[in-house]
Structure formats: C-alpha cells, structure tokens
C-alpha cells in the first residue's frame, strides 16, 4: 500500500500536480481510487473504498485522472433512454473531465463506478440548495 501511495506522490511531483489545489466539488482519481477534491495525497494516504462525494443541487462536478490508464466516473442509474444519469466518459492521465449530467440531479444519493474497473465505485450525494 505504501508503495502505491509513494508512486502517486512521484507521479504528482513529475506532473507538477497538487491534489490540494483541486477545485471544490471535484474528484481526483489516483491509485485506482476516487479521492474527494482537496484531499492531500501524502506518502501514506490511501482513501477507503467506496468513496463518498457530495454536491449541492445544480452544481457542476469535474474529475481529474492521475493514473496512467483511462477511467470514468459513471452513474449506476440509467435515464429513460438507458443512458447513465451522469458520466465523464473515459479520460486519461492528467486529464480533467466534466461529470456531465450532475447539474440536473434531484437531491438524493447516486452510486457510481468506473466503466473499466468494476472495483472502483462510490456514492454521489446531491444536497438540496440552502433556502
């Protein structure tokens, strides 16, 4: 586990990426794990699975991939046409992708996954806006 976290730290340094500078409401993907934006990926930090993300209704969300393989952040639930309620599509190393569709979600909890790595999953909670 320490070796994987160290690899992330090395990749971050090589890319000049600072996890702590991720936009609020964003999600990072590192060591095949979703990480809430703003998380400090220190040399021994590996978040638990599944991960929980939250936004306020109407907010947007983006995800940055720090792994050398493509990932996605895709809703488990489908709309009436059979499409995921939200999705980034596959995106590669050092890329940031918008999570298209989250801005249309009603308050509630929405499970998500990576389309290429079934063990990567989490829950997005959409909170009602403050009155």
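The values are calculated or read from the model by the stated rules, or taken from the named source; none is laboratory data. Keep in mind that what you see is a predicted model, and the values were worked out from it rather than measured. As a convention, Cβ positions derive from the backbone with ideal geometry for all residues, glycine included, and neighbour counts pool all protein chains shown.
List of remarks:
- Residue count for the stretch 101-116, restricted to those that are buried (at least 16 other Cβ atoms within 10 Å of the Cβ) and either at positive phi or not in a loop (DSSP other than H, G, I, E, B) (or both): 6
- Residues of the stretch 56-91 satisfying the condition of being without any contact (Cβ under 8 Å) to a residue 24 or more places away in the chain, closer than 17 Å to residue 122 by Cα and assigned to a loop (DSSP other than H, G, I, E, B): 89
- Conditions (1) out of contact with any strand residue (DSSP E or B) (no Cβ under 8 Å at 6 or more places or on another chain); (2) at pLDDT below 95: number failed by residue 71: (1)
- Of 93, 85, 49, 12, all but one fail to be modelled with pLDDT of 50 or more and crowded, with 16+ Cβ neighbours inside 10 Å; the exception is 85.
- Residue within the stretch 20-40 that is modelled with pLDDT of 85 or more and part of a strand (DSSP E or B) present: no
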